Amino acid sequence: MGMLLSNLDFLATAPGGVSRLRELILTLAVQGKLVPQDLNDEPASELLKRMGAEKDGLIVAKKIRRSKPLDPIDDNECGFVLPSNWEWARLGNLGDWGAGATPSRTNSNYYGGKIPWFKSGELTADFISDSEETVTDAALRDCSLRLNQVGDVLIAMYGATIGKTSILSVVATTNQAVCACTPFAGLSSAYLLLLMKALKPYFISIGAGGAQPNISREKVIATVIGLPPLVEQSRIVTRVEELMRLCDALEAKGQLEAAQHAQLVATLLGALTDSDTPAQLAENWQRVASHFDLLLDRPQAVDALEQTILQLAVRGLIVPQDPQDEPASALLQKIRAEKDKLIAEGKIKRDKPLPPIAEDDQPFALPPGWCWARFPELGEFGRGKSKHRPRNDPALFNPPKYPLIQTGEVSRAKGVVQEVHSYYSDLGLEQSRMWPKGTLCITIAANIAESATLGFDSCFPDSVVGFVPARAMGNVEYFLLFVETAKADLLAFAPATAQKNINLEILSSLLIPLPPLNELARIVTRVTQLRQLCAELRARLSASQSTQAQLAEALVDSVGAGEPVVT
């Protein structure tokens, strides 16, 4: 235990360290390794005798029902060395266990009374008193509801809340997804709560396997535990509470440090993106460089640095400008001439003229040779097609021939779409459209503003927008990284609904800072290099965290393997 306490800071900073620490504390507690045993304590064997006598008396008095005898405990069910004065026992022999029920919803006389009625999702604290619903005395009488007393311990037996535990602070009943225990004298409610928390991983494991995880009252009461003397139960509970408060403090400290670190990163990297000139950027970069090791010790900080690199790229601050480069305005003229030629040849439709870009609408000042542009001015820009209804008509997909990607494939692509799970038939292709390899895809529904380029010719539905740059432009990589910088702004246009979406008009009006073509190529090359460095840094951080987690796990295991302490 001393080794554990002397390494708390190390454990707390390991990935998932505080959570693992809490589990370890509970495990040590219920195995008798957290506090010393006192041989003068009344042994648990005497407690079991009194509990048996108490149970028999309650049966005779008809306060509880006689239950089926539990099986004798087999040695294979005993998972650790039992400390002095402890005894093995099944939970069913330590209290009166029973589940609740749900009164008929069609009977209005059953709900709205004065008796709290708890569901499994309400077991959110160690002590509970307020329920979302109440039931009447009629419901208690007619519907086989168990009336639980103050101090009874509840355990959730169904669904995502399985194994959650609380102590009742009021007289109440529960639904069928909650099992309640009235402990016999010799088992404190506080220790039973602690015990059930320690058993939660076990209950989850035995409840898994079906569509909805669940355990039964029978499985709960058959569980074998080590029962300590009553006074040791009290010492264990006190010690666990002390250590859990320490865990709370470590967790709060970690959260505060993470928030402070994020603020430092945001401030220093924000100074970079606020630079107006290369000279200002160089000055601000020196400030960041002096704190580089401190800043980039977390994956989130590397993510922030990568986003800063993209912001600098589209502001013209990532590579120097060359006065000899042909300006972006000349590139726009070439693209316009190319589109006019295709229109005259009847190969594309005449596009609608876009309004001029007002100076007040420009997000920031551009470097020399740059200009503002919009997607429709730079190439072919439009939504995917999926005209046929219903969209899941089997005829659209049989026999499968032509790749069809969805928003999910774009979202998971990490730059280039390489996966495909659906294929259109000839009929599917007829009501859709095949976009060429290299098309920039931008999602406008579900996953808003996710982007990637096609790694193969493919169709996609109208929840994805495609951009094919004009031949004079050629490079689509710059626009991919630009969309990443604009994602937050585009998300702001998505309505606060269950199915978020934006439209083609919003994307068409998006202002793109367009560099000269030669500089555009230099930007893409430089960003690719810097992103690779970010990826390598992430990999080193991940390896370091993995090593730290393994060391923490080894330390936890070494502490957990210790023998009980006897005084």
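Going through (1) touching a strand residue (DSSP E or B) at 6+ places or on another chain (Cβ under 9 Å); (2) touching a residue at least 40 places away in the same chain (Cβ under 8 Å) one by one, residue 369 falls short only on (1). Being under 15 Å from residue 193 (Cα atoms) and either hydroxyl-bearing (Ser, Thr, Tyr) or not assigned by TED's automatic domain parsing to the domain that holds residue 188 (or both) is the filter here, so list the residues in the stretch 131-170 that pass it. Listed by number, the residues that qualify are 165, 166, 169. Taking the residues in the stretch 328-374 that are part of a helix (DSSP H, G or I) and of a type in the set (Val, Ile, Thr) as candidates, determine which candidate is surrounded by the fewest Cβ atoms within 10 Å (Cβ to Cβ). My answer is 343.
Taken over the stretch 74-102, the criterion of being touching a Lys or Arg at 6+ places or on another chain (Cβ under 7 Å) and among the hydrophobic types (A, V, I, L, M, F, W, C) is satisfied by 97, 99. For the stretch 171-218, a tally of residues being of a type in the set (Val, Ile, Thr), surrounded by fewer than 22 Cβ atoms within 10 Å (Cβ to Cβ) and either outside the structural domain of residue 155 (by TED's automatic domain parsing) or part of a strand (DSSP E or B) (or both) returns 1. Filtered by the rule that a residue be in contact with a Phe, Trp or Tyr (Cβ under 7 Å, 6 or more places away or on another chain), outside any loop (DSSP other than H, G, I, E, B) and either of a type outside the set (Lys, Arg) or at positive phi (or both), the stretch 26-72 gives 44, 51, 54. Answer yes or no: is there a residue in the stretch 510-522 that is touching a helix residue (DSSP H, G or I) at 6+ places or on another chain (Cβ under 9 Å), under 18 Å from residue 370 (Cβ atoms) and without any contact (Cβ under 8 Å) to a residue 40 or more places away in the chain. No. Counting only strands (runs of 3 or more DSSP E) that fall entirely inside the stretch 73-145 and contain at least 2 residues that are free of Cβ contacts under 8 Å to residues at least 40 places away in the same chain, the qualifying elements are 111-118, 133-135. Would you be able to say whether some residue in the stretch 315-326 is closer than 23 Å to residue 486 by Cβ and part of a helix (DSSP H, G or I)? Looking through the stretch 315-326, none of the residues is closer than 23 Å to residue 486 by Cβ and part of a helix (DSSP H, G or I). Hey, any hits in the stretch 242-265 for a residue that's in a loop (DSSP other than H, G, I, E, B) and surrounded by 17 or more Cβ atoms within 10 Å (Cβ to Cβ)? So far as the stretch 242-265 goes, no, none of its residues is in a loop (DSSP other than H, G, I, E, B) and surrounded by 17 or more Cβ atoms within 10 Å (Cβ to Cβ).
Against the criterion of being more than 17 Å from residue 233 (Cβ to Cβ) and more than 46 Å from the chain's Cα centre (by Cα), residue 52 qualifies. Here the condition is being surrounded by 23 or more Cβ atoms within 10 Å (Cβ to Cβ), over 18 Å from residue 505 (Cα atoms), polar (S, T, N, Q) and in contact (Cβ under 8 Å) with a residue 12 or more places away in the chain; of 439, 443, it holds for 439 alone. Reported count of residues in the stretch 278-292, each being assigned to a helix (DSSP H, G or I) and modelled with pLDDT under 75, is 4. Suppose we filter the stretch 417-432 for residues that are farther than 12 Å from residue 405 by Cα and surrounded by fewer than 16 Cβ atoms within 10 Å (Cβ to Cβ); how many remain? The qualifying residues number 3.
The values are calculated or read from the model by the stated rules, or taken from the named source; none is laboratory data. Keep in mind that what you see is a predicted model, and the values were worked out from it rather than measured. Cβ atoms come from the backbone with ideal geometry, glycine included; neighbour counts cover every protein chain shown.
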